[in-house]
1. Using a Gaussian network model of the chain with C-alpha springs under 10 Å, which one of ILE23, ILE121, ILE50 is most mobile by mean-square fluctuation?
2. Could you work out the relative contact order of the range 36-93, using alpha carbon pairs under 8 angstrom and six or more residues apart, expressed as a whole percent?
3. How large is the dipole of the chain about the Cα centre if only Lys and Arg carry +1 and Asp and Glu carry -1, each at its Cβ, rounded to the nearest 20 debye?
4. Given a 1.4 Å probe, how much area per residue of the range 23-83 is accessible, in Å²?
5. Per the Kirkwood formula on distinct C-alpha pairs, the Rh of the range 1-142 is how many angstrom?
6. Please figure out what share of the DSSP beta bridges in the chain is antiparallel and state it in percent, rounded to the nearest 5.
7. Fully extended, how many nm does the chain gain between LEU145 and GLU48 (0.36 nm per residue separation, minus their Cα-Cα distance)?
8. Subtracting the Cα-Cα distance from 0.36 nm times the residue separation, let me have the gained length for MET167 to ILE23 in nm, one decimal.
Amino acid sequence: DDGALDHLFPTPDGGPLAVRTIILDNVPGEGHHPISDAMEQALDEAAERIDIVNPYLSNRAILERILAAAQRGVPVRIVVPGKPTPPYPAAALRHHYGRLMAAGVEILLHPQMAHAKVLRIDHRVFIGGCNLDDLSLFRNNELDLLFEDDGVAAMVEREIFEPLIAMSVPATDDATSRER
């Protein structure tokens with residue numbers, strides 16, 4: 001009520017803001033997975049920028065698409081918890097650190113349990129409750145919103161990713177360090 005969040009909901013000339021928004025609702029019992037389908041398509045088409053904050057990033061198809069985008073030259077930043085709970089999904093992601101980092105993916109460790117689920121892929125922004133693991137993508141009922149708008153993408157960059165990145169530290173490829 002105090003207007004503190006007004007800057008997050010800009011309106012042109014004081015009128016209503018019109019942004020293309022799609023509700024994505026996974027219904028796993030029916031084999032309906034629009035969240036993973038839309039994310040995979042967006043990653044396959046990415047050309048400008050991929051920013052991800054998600055506490056559980058372990059789905060192989062998503063990771064392979066992130067890797068492919070980075071290999072195409074798309075800048076990729078991933079913010080994950082520096083102190084994950086539970087640690088198993090983080091271990092699955094760490095398994096891929098070497099390949100991802102070799103392709104130029106910037107993996108950043110948030111000092112807390114960064115629990116947001118936000119993906120910015122070019123002009124597309126996914127926000128919701130879906131983790132990037134098999135459980136959320138294929139077995140749980142999940143709901144995400146997909147915004148397709150340059151202004152929303154810029155706002156998410158400024159209001160979500162810049163602060164998260166500023167407080168995070170770069171990950172290291174521990175597996176490579178142990179092999180030396």
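1. Highest fluctuation among the options: ILE23.
2. 43
3. For this selection, approximately 900 debye.
4. 40
5. So the Kirkwood estimate lands at 16.2 Å.
6. Here the share of antiparallel DSSP bridges comes out near 70 percent.
7. 32.8 nm
8. Length gained between MET167 and ILE23: 48.8 nm.
The values are calculated or read from the model by the stated rules, or taken from the named source; none is laboratory data. Keep in mind it's a predicted model, so treat the numbers as computed, not measured. Glycine also receives a Cβ, built like all others from the backbone with ideal geometry; neighbour counts cover every protein chain displayed. The accessibility values were calculated without ligands, DNA or RNA, using every heavy atom of the protein model including side chains. Shrake-Rupley method; radii C 1.70, N 1.55, O 1.52, S 1.80 Å.
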